[in-house]
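The values are calculated or read from the model by the stated rules, or taken from the named source; none is laboratory data. Since the model is a prediction, treat every value here as computed from it, not as a measurement. Ideal geometry is used to build each Cβ from the backbone, glycine not excepted, and the neighbour counts take in all protein chains shown. With ligands, DNA and RNA removed, areas are computed over all heavy atoms of the protein, side chains included. Shrake-Rupley method; radii C 1.70, N 1.55, O 1.52, S 1.80 Å.
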Amino acid sequence: MALRCRAQDPIATGFSSSIATVTKNWIRLSFRFGVKIDVATALFFTHPPKGIDMKIVNACALLSFLIMAAVSAPTLAQSRLEIREIQSAQFSGNKIGISPQRKVTVYLPPHYSDATRRFPAVYFLNTYGEDHTAPFANHDAKVLLDDAIAKGQVADVIVVTADFLTPLGTSWYVNSSVTGNWQDFMIKELVTFVDANYRTMPTAASRAVVGDRMGGYGAIRFGMQYPNVFGVVYAMHPVGTGNGVQPGYTRGNWQTIYAAKTLEDLKTDIYSPIFLSIYQAFLPNPNKPPLYVDLPITLIEGKPVLEPAVTARLQNSFSLDHLIPTYAANMKRLRALKIDWGRNDTLYDHIYSNQAFVRKLDEYDIPYEAEEYHGGWGDKTWGPEGRFATDLVPFLNKNLVFR
């Protein structure tokens, strides 16, 4: 790069005689900052010819040096997203067309380029209807993570999201003879794949599972069953933690459910597909097409009649509060557990069941943090002021082991 300066230029004339110091030192600086000069140039500045106004030359040289240093400066470390695919063995024989090819998005933090370092891994479980891309494509999770790391709010972490979707919106993160073995996919394949392909810190103390709403349900369930895999758990506004105020069987449209010939036929209201996804996960029956479930309701003369035995099966397998006695010892092994929910959720059942759930944790002396915040159904999760950035990220920084 060449610059031309004239004697009357302010940049030249504005330098005092002390600029001669630059003559002696700028070569050292050039080496220090990675700006290369040749031997002839070095001799010119160390032994200038007679009659050369070194004030002007040094001014031009300094300006040239600054520009070259800026051009030559190393690029700041950047995070990146990788889309991967796992050929799973957990979905053979499923009844609803789930592909064994499962997509995964992996967030690699800015300093992952340092090949000498290893990083904790955070598994983020999405809510109903969202796939592995949603946190990044819809909610700017990469920007939020980059910002938090830059500000020192959390150290560099790997974040993993996977596609746990079914045709009805969610797998509920469990094994099912109808939808496939999602729990085994997570524990036996996804975690193993990430540890094998990325520089993780493969211990429970450096591995977290967190989730949003239906994903929060999955996070608690994985923490209950696998404290040897996930040491840190955060459930954001989880559902399915226990009974609500309104009986669950009253939510679906039973005429629609019984008339359905395909899963698409259920998507005429909000609750029917959600509750059928629950039944396919927890009341699966591969011998009962087209829905492949044992229903907790029988229609008699067009009126819904509860099936107590089926309802008991559902409660005992689905409701997280029913699992606390079985997994209390496991939950006490967790490094950290936090649950939050919005007090303005228009479906009060979620508030009621989460309050009851943490009270039951108290009954079994299980350590946890809980917070009921001013917010509704997922409206305070994302954005710079959302709880992902303001609460989840600091919680991970506090409780994960980074070294």
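Please verify whether the range 261-270 includes one or more residues that are in a helix (DSSP H, G or I), open to solvent by 40 Å² or more (accessible area, probe 1.4 Å), within 23 Å of PRO167 (Cβ to Cβ) and of a type in the set (Asp, Glu).
Looking through the range 261-270, at least one residue is in a helix (DSSP H, G or I), open to solvent by 40 Å² or more (accessible area, probe 1.4 Å), within 23 Å of PRO167 (Cβ to Cβ) and of a type in the set (Asp, Glu).
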Boolean, ALA219 is hydrophobic (A, V, I, L, M, F, W, C) and surrounded by fewer than 18 Cβ atoms within 10 Å (Cβ to Cβ): no
Answer with yes or no whether LEU283 is in contact with a Pro (Cβ under 6 Å, 6 or more places away or on another chain) and more than 20 Å from VAL104 (Cβ to Cβ). no
Quick test for you: out of THR133, THR179, pick the one residue that is open to solvent by 10 Å² or more (accessible area, probe 1.4 Å) and among the hydroxyl-bearing types (Ser, Thr, Tyr). THR133
Among the residues of the range 338-375 satisfying the criterion of being charged (D, E, K, R) and in a strand (DSSP E or B), which is nearest to MET224 (Cα to Cα)? LYS338
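I'm checking my understanding of the structure. Among residues of the range 136-166 that are open to solvent by 60 Å² or more (accessible area, probe 1.4 Å) and not hydrophobic (A, V, I, L, M, F, W, C), which one is farthest from the chain's Cα centre (by Cα)?
Once the filter is applied, the top-ranked residue is LYS151.
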Filter result for the condition that a residue is open to solvent by 30 Å² or more (accessible area, probe 1.4 Å), closer than 22 Å to PHE402 by Cα and not in a helix (DSSP H, G or I), over ASN228, ASN243: ASN228
Checking LEU295 against (1) part of a helix (DSSP H, G or I); (2) free of Cβ contacts under 8 Å to residues at least 40 places away in the same chain; (3) more than 33 Å from the chain's Cα centre (by Cα), only one condition comes out false. Which one? (1)
Kindly indicate whether any position in the range 300-321 is on the phi > 0 side of the Ramachandran plot, open to solvent by less than 70 Å² (accessible area, probe 1.4 Å) and either under 32 Å from the mean Cα position of the chain (by Cα) or of a type outside the set (Phe, Trp, Tyr) (or both). yes
Could we say that VAL191 is in contact with a strand residue (DSSP E or B) (Cβ under 8 Å, 6 or more places away or on another chain) and of a type in the set (Val, Ile, Thr) here? yes
Does any residue in the range 374-403 that is basic (Lys, Arg) come within less than 7 Å, Cβ to Cβ, of a residue that is open to solvent by less than 50 Å² (accessible area, probe 1.4 Å) and at pLDDT 95 or above six or more places away or on a different chain, and which pairs are these? LYS380/GLY342; LYS380/TYR373; LYS380/GLY386; LYS380/ARG387; ARG387/MET236; ARG387/ASP340; ARG387/THR381
Does ARG207 qualify as being buried (at least 24 other Cβ atoms within 10 Å of the Cβ), touching a Leu at 6+ places or on another chain (Cβ under 9 Å) and farther than 30 Å from TYR292 by Cα? yes
Can you name the residue in the range 101-125 that is closer than 21 Å to SER176 by Cβ and open to solvent by 50 Å² or more (accessible area, probe 1.4 Å) and is also nearest to the chain's Cα centre (by Cα) among such residues? LYS103
Within the range 265-279, the residues that are more than 11 Å from GLY169 (Cβ to Cβ) and free of Cβ contacts under 8 Å to residues at least 12 places away in the same chain are ASP265
